[in-house]
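Single-structure report; data block below.
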Amino acid sequence: MTEAFPVPDVLRIATRKSPLALWQSEHVAERLRAAYPDMRVELVPLSTRGDEVLDRSLAAIGGKGLFLKELELAMERGDADCAVHSLKDVPMELEPGFALAAILARADAADAFVSSRYAGIDDLPRGAVVGTSSLRRQAQLRARRPDLQLRDLRGNVNTRLAKLDAGEYDAIVLACAGLQRLGFDDRIRSRLDAPAWLPAPAQGAIAIECRSDDFAAHGLFGALDDRDTRVRVEAERAMNRALHGSCHVPVAAFATLSGAQLHLQGLVGSAIDGRYVRADAHGDAGDAEALGQRVATALLAQGAAELIAGSADPDTGPFVS
Ligand SMILES: NCc1[nH]cc(CCC(=O)O)c1CC(=O)O
């Protein structure tokens, strides 16, 4: 096969070591092997600060890019050619010198209600204990059920399921995509989906990051890029960026595409008292960025900035992460 770019003999993918990260990186490796049968693809598993520090909030240990830093250093050293991430964990602004070379077709973007005893949020008894460390999930739970007790729940997907099974919580909320990838489909008691419940910006999408100056890599990964997903997550991330959001603020966004029509729904809530504001708008697929900014402006006009500031970690302020 003749390509417009050189296909290397070996390609090394930097990845975190959690079971979900390894699954996603192996998935990308398989897709690349299928596209370039003569190229050898290897994983370079690395430990990141975000994986190691489990006893403090992510915001408190310097949230932004916590899961990316070590992988980016490996690419800078030349120990890896790219890194694979859950796009929802990727900061709105990448470090200078890095770019997203491909965004894969999105999996199920919804959240999942997981419990051995209860079928859904509305079936939980008064005062039930629900585990999630996500401010976005806490805010939506508070809005719907102010009586629930929300408890912190950190660790990778397997760890969180084990904590649920140990009886520490009546229910937990996780992403459907992560559960499905790891073969835990049967743990999903109900899907929490739009419009009643919104996911994190870019939830369910896998991204490939590489050095911006690595033009060969950009060509190589283009084969895995999904245009519809890219347009949708561009709108969601533009909204989050305009709100100075990250995965540590209670911001939710979900875009859908029908033909050339993009529809974006956004929500900003309070993890403390359940107040929230919502907005949505339609726009052209070619103007995803502008649509994201428009929905962010509508949310700010309803008081979103105050809700975000009010949910901040008192030690670190709202915009550190
Ligand atoms: N923050 C952890 C994280 N990052 C991405 C996913 C799920 C997979 C995805 O969104 O593609 C998860 C687990 C979860 O939220 O349950």
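Just a few scattered comments:
- With all protein chains kept in place, the per residue accessible area of the chain amounts to 43 square angstrom at a probe of 1.4 angstrom.
- Applying a DSSP loop filter and a limit of 16 other Cβ atoms within 10 Å to the trypsin sites (Lys or Arg not before Pro) in segment 1-42 leaves LYS17.
- Pair ARG40, LEU257: separation of 7 Å Cα→Cβ label points (nm): 3.6 nm
- Alpha carbon centroid spacing (whole Å) that separates segment 1-49 from segment 242-310: 33 Å
- Across the chain, the relative contact order, built from alpha-carbon pairs under 8 Å that are at least six residues apart, equals 21 percent.
- For segment 218-235, 3J(HN,Hα) computed residue by residue from phi via the Karplus equation (6.51, -1.76, 1.60; θ = phi - 60°) reads 4, x, 4, 7, x, 4, 9, 6, 10, 5, 4, 4, 4, 5, 5, 6, 5, 5 Hz, glycine and proline entered as x.
- Shape call, segment 194-314: gyration tensor on alpha carbons, a/c limit 1.5: prolate
- Taking each DSSP H run with n ≥ 4 as -39500 (n - 2.57) and averaging over every residue of the chain yields -9000 deg cm²/dmol at 222 nm.
- Radius 12 Å from Cβ of ASP81, net charge of other residues (Lys, Arg +1; Asp, Glu -1): -2
- Cα gyration tensor shape for the chain, rounded if a/c is under 1.5, else prolate or oblate: prolate
- Expressed as a whole percent, the accessible surface of the chain that belongs to carbon and sulfur atoms is 50, based on a 1.4 Å probe.
- Exposed-loop-free span, longest in the chain, where GluC sites (Glu not before Pro) count as exposed if DSSP calls them loop and at most 15 other C-beta atoms lie within 10 Å: 169-321
The values are calculated or read from the model by the stated rules, or taken from the named source; none is laboratory data. Computed from a predicted model, the values in this text were never measured in an experiment. Cβ sites come from the backbone with ideal geometry, for glycine too, and all protein chains shown count toward neighbours. In case anyone asks, the SASA skips ligands and DNA or RNA and just uses the protein heavy atoms, side chains included. Shrake-Rupley method; radii C 1.70, N 1.55, O 1.52, S 1.80 Å.
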